[in-house]
Amino acid sequence: MGRSDGKLVKDIPAIDRIIPHIMNRRCDATNFAKAEFDMENLQILLRRLRLEGHKIGVMDATITAFALLLQKTPELNRFIVNKKIYQRNHICVSFVVLKREEDGQMNETVVKVFIEQGDSLISISQKIREAIKENEKPQTKNGLDKLVDKLASFPLIPGFAVGTLKWMDRRGILPKSVIRLSPFHTSMFVSNLASIQMNYVYHHTYEFGTTGLFVTLGMPRRLPGEDKTRRVITLGITMDERICKGAVWVKALYEFRRIMENPERLLGEVQETKEAIGAK
């Protein structure tokens, strides 16, 4: 039975098909990378866009850069389920939204934004802002919150309910509605740790779901340069090495830095990949 979120990849070398059997968990196949880029040109662009009425942040730019990478290199948007490799048929990103409850306590929820053909930095930033604005309201419960509440109140035990979802996911029968809500079924997970005054970390990936790429943004810092100090930002990247060859990851990370240091490219539109981008 086929999956609603991806297509089985068949035209790959035999060794690539065997690797998920050798490393059958994401924690077995985790690689870590640090990506650093000079912020000067990006800051200039963001200031210009703010003067034009667009409130855009570094996280928005980071997500857009990775969306362009996923569009250009579809191998990065693959995932492993039940030891099989699938090509995801859309691009999406999950991230945490902090919210202050009515009693004053801080809580958090997770939202997922879909990137569609024709999106660019401005439209992606708008989607992110709208998702944050809607989900940071104390009274808001999004679809994920409601699903989690149901799982937690399962008449037997929550572990059994989650185990059932995992079993369904491995067999490709998890409902499309659940996959669409689940932040763990996503192209990438992003955490902006700079927003809580924290440096980057290498975050774990999840065994549940299909997330093979986790990116954290750390606090900007200044480094000495030839004639002046440079303001740089560092990302901690955790990746599932089974979805594509290491050389592809390396090339993509170099391309990411080139995009962020030449940020006018972020204004270009995401084009259709070999597979459909839309989350219809």
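The values are calculated or read from the model by the stated rules, or taken from the named source; none is laboratory data. Since we're looking at a predicted model, the values are computed, not measured. Counting neighbours? That spans all protein chains shown, and the Cβs are built from the backbone with ideal geometry, glycine included.
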Here the residues within the stretch 66-83 that are buried (at least 20 other Cβ atoms within 10 Å of the Cβ) and either without any contact (Cβ under 8 Å) to a residue 40 or more places away in the chain or of a type in the set (S, T, N, Q) (or both) are Gln71, Asn77
Given the criterion aliphatic (A, V, I, L, M), in contact with a strand residue (DSSP E or B) (Cβ under 6 Å, 6 or more places away or on another chain) and at pLDDT 90 or above, identify the matching residue among Met198, Met260, Met219, Met168.
Met260
For the stretch 231-247, does any single residue satisfy the condition of being part of a loop (DSSP other than H, G, I, E, B), in contact with a Gly (Cβ under 9 Å, 6 or more places away or on another chain) and small (Gly, Ala, Ser)?
no
Can you tell me which of Arg180, Arg100, Arg88 is more than 27 Å from Arg242 (Cβ to Cβ) and either at pLDDT below 80 or surrounded by 15 or more Cβ atoms within 10 Å (Cβ to Cβ) (or both)?
Arg100
From the set of residues in the stretch 194-209 that are β-branched (Val, Ile, Thr) and part of a loop (DSSP other than H, G, I, E, B), which is surrounded by the most Cβ atoms within 10 Å (Cβ to Cβ)?
Thr205
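Kindly evaluate Ser182 against the criterion of being out of contact with any His (no Cβ under 8 Å at 6 or more places or on another chain) and of a type in the set (Ser, Thr, Tyr).
Numbers: out of contact with any His (no Cβ under 8 Å at 6 or more places or on another chain): yes; of a type in the set (Ser, Thr, Tyr): yes.
So Ser182 fits the description; yes.
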Which of the residues that make up the stretch 51-79 are under 18 Å from Lys127 (Cα atoms) and among the basic types (Lys, Arg)?
Lys55
Which listed residue, of Ile132, Ile124, Ile128, is touching a strand residue (DSSP E or B) at 6+ places or on another chain (Cβ under 9 Å), at negative phi and either modelled with pLDDT of 95 or more or small (Gly, Ala, Ser) (or both):
Ile124
